[in-house]
Amino acid sequence: QVQVVESGGGLVQAGGSLRLSCAASGSIFSINAMGWYRQAPGKQRELVARIISGGSANYADSVKGRFTISRDNIKNTAYLQMNNLRPEDTAVYYCNVVHGWRTYWGQGTQVTVSS
């Protein structure tokens, strides 16, 4: 079993920055990918950024150039550096961990960007 815990959300003004962290723990032997998704009220959950074990990353078009995902394989932790935040980035951000053939989700962390 793998536990996933996010941290780092909060309230920030437009143009500001936040850094989210996602820590995976438990019986870990092979994390294939770690990613960040978000869900705004009344909207479907969407992919924000994802990084695979080799280090390649992909981003939603809406965050390219503003968000950066990184990963510490020793700590089994992923980070999402979010710069130049916009009100439309307001959502609950969820971490997703692909471990072996199973997928695990964190409980989510709220990010609110005020105008």
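Please compute the per residue accessible area over the chain with all protein chains in place, 1.4 Å probe, rounded to a whole number of Å². Kindly include the intermediate steps, with their values, before the conclusion.
Details: 6010 Å² over 115 residues.
Averaged over the residues of the chain, the accessible area is 52 Å².
Within a Cβ distance under 15 Å of TRP105, other residues only, what is the Lys/Arg minus Asp/Glu net charge? Please report the intermediate quantities before stating the final value.
Details: positive: ARG38, ARG45, ARG50, ARG102; negative: GLU6, GLU46.
So the environment of TRP105 carries a net charge of +2.
For the pair ALA40/GLN13, report the inter-label distance in nm, with labels modelled 7 Å from Cα in the Cβ direction.
2.2 nm
Cβ under 15 Å from ALA91's Cβ, ALA91 left aside: what net charge do those residues give with Lys, Arg +1 and Asp, Glu -1?
On the way: positive: ARG38, LYS43, ARG45, ARG66, ARG86; negative: GLU6, GLU46, GLU88, ASP89.
That sum, taken over residues with Cβ under 15 Å, equals +1.
The values are calculated or read from the model by the stated rules, or taken from the named source; none is laboratory data. This structure is a prediction, so every number in the text was calculated from the model and none was measured. Note that we place each Cβ from the backbone using ideal geometry, even for glycine, and neighbour counts take in every protein chain shown. The accessibility values were calculated without ligands, DNA or RNA, using every heavy atom of the protein model including side chains. Shrake-Rupley method; radii C 1.70, N 1.55, O 1.52, S 1.80 Å.
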